[in-house]
Amino acid sequence: MRMGASVWTFLRPHPGELHAVTQRAVSEFLSSAGRLPTDAEGYVRYAEVVVNLDNRQAVQLLRVGFYQYRALTNGTLDCGHFREIMATVPEVAFGGLQFTKPKAGVVSAEHRFAKRRLEHLSLWTPTQGDRSKLRELVNHKAGREIM
């Protein structure tokens, strides 16, 4: 018996339309070496599904994420937007750490605002149609209902 995990990625070029895309295609896009189709708003949006495997069969859904990156008209990554996302990550991770205490009555919330900014920049909210289509694709790929 072999256990493990696998990542399945589904591209969303239009609302309610999802189709499988290789992890390699997404990696190449993120490294600025590849191209992916954009939606009407100029984003590459995809759902990332992590499943638990038992003997190479998906047996459990572990996590679902909905990610977006702005792209240029030719389908390559908008590096300026990507740098903006990456610049926000340290603020989220370390923004709550302070060397001095804030004044009495002041709540330090910079890291919370940074987290909201990061979510706004890098995540998208699926429609009910997107969720239904994703459920259908994941269950079909798994060969059983796991989502």
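The values are calculated or read from the model by the stated rules, or taken from the named source; none is laboratory data. Predicted model, so just to flag it, every value in this text is computed and none were measured. Using ideal geometry, Cβ is built from the backbone for each residue, glycine included, and neighbour counts are taken over all protein chains shown.
Out of the residues in region 94-133 that are over 29 Å from V26 (Cα atoms) and among the charged types (D, E, K, R), state the one that is modelled with the highest pLDDT.
Residue satisfying both the conditions and the ranking: E110.
Picking from E136, E91, which residue would you name as being part of a helix (DSSP H, G or I), at pLDDT below 95 and out of contact with any strand residue (DSSP E or B) (no Cβ under 8 Å at 6 or more places or on another chain)?
From the options E136, E91, the qualifying one is E91.
Determine whether H140 is closer than 25 Å to D39 by Cα and loosely packed, with under 12 Cβ neighbours inside 10 Å.
Numbers: closer than 25 Å to D39 by Cα: yes; loosely packed, with under 12 Cβ neighbours inside 10 Å: yes.
For H140, the condition - closer than 25 Å to D39 by Cα and loosely packed, with under 12 Cβ neighbours inside 10 Å - is met.
Yes or no, residue by residue, for (1) part of a strand (DSSP E or B); (2) surrounded by fewer than 17 Cβ atoms within 10 Å (Cβ to Cβ):
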| residue | (1), (2) |
| --- | --- |
| F29 | no, no |
| P37 | no, yes |
| N52 | yes, yes |
| R70 | yes, no |
| N74 | no, yes |
| R83 | no, yes |
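Let's see how each residue does on (1) surrounded by 15 or more Cβ atoms within 10 Å (Cβ to Cβ); (2) closer than 22 Å to V44 by Cβ; (3) of a type in the set (S, T, N, Q):
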| site | (1), (2), (3) |
| --- | --- |
| G65 | no, yes, no |
| G95 | yes, no, no |
| H111 | yes, no, no |
| A114 | yes, no, no |
| Q128 | no, yes, yes |
| R131 | yes, yes, no |
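Restricting attention to region 20-43, does a residue exist that is touching a residue at least 12 places away in the same chain (Cβ under 8 Å), under 15 Å from the mean Cα position of the chain (by Cα) and farther than 18 Å from L77 by Cβ?
Yes, some residue in region 20-43 is touching a residue at least 12 places away in the same chain (Cβ under 8 Å), under 15 Å from the mean Cα position of the chain (by Cα) and farther than 18 Å from L77 by Cβ.
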